[in-house]
Ligand SMILES: [Zn+2]
C-alpha cells in the first residue's frame, strides 16, 4: 500500500482498552449464534441471569455483571470504543 492510498483510506481507528467478555463472545461466536445472543441482549424479556444461564449452558463464560454492564453501555468496550453499536434505549 502506498502513502497516497493510506492517506485516502484515513487512519486506522484507535480503540482504547480491550472489549468486555460479552463483546468478545459476540465477535467469536458463529454468525447465527452471535445474532441470537445479540437478540437476547436487546430483548428486555431476557434478564441478565437468564442470558448468563443460557450462555453458560452452551459452554461459554461471561460474567453476569458484565452482561448487565454491556446492556447499559457501561462496560469497558462501550466506554472505550465509539465503533461498537450502542444499545437501544
Ligand atoms: Zn461490552
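Where a number appears in this text, it was derived from the coordinates with a stated rule and is not lab data. Remember, predicted model here, so these are calculated numbers, not experimental data. Cβ sites come from the backbone with ideal geometry, for glycine too, and all protein chains shown count toward neighbours.
Using packing as a proxy for protection, rank 31-38, 45-52, 60-67 so that the peptide with the highest average count of other Cβ atoms within 10 Å comes first. Display every interim value, and only then the final one.
On the way: 31-38: 13.1, 45-52: 15.1, 60-67: 17.0.
Going by the mean number of other Cβ atoms within 10 Å, highest first, we get 60-67, 45-52, 31-38.
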* Could you work out how far apart the two model spin labels at residue 43 and residue 6 are, taking each label as a point 7 Å from the Cα in the direction of the beta carbon, and quote it in nm? => 4.7 nm
* To do: Please give the residues of region 46-65, grouped as numeric ranges, whose backbone N is less than 20 Å from a label point set 7 Å along the Cα-to-Cβ vector of residue 32.
  => 54-60
* Over region 17-80, what number does the Rg to Rh ratio reach, with both radii from the alpha-carbon atoms and Rh per Kirkwood? -> 0.92
* To do: Please give, to one decimal in nm, the separation of the simple spin-label points placed at residue 50 and residue 65, each 7 Å out from Cα toward the Cβ.
  => 2.4 nm
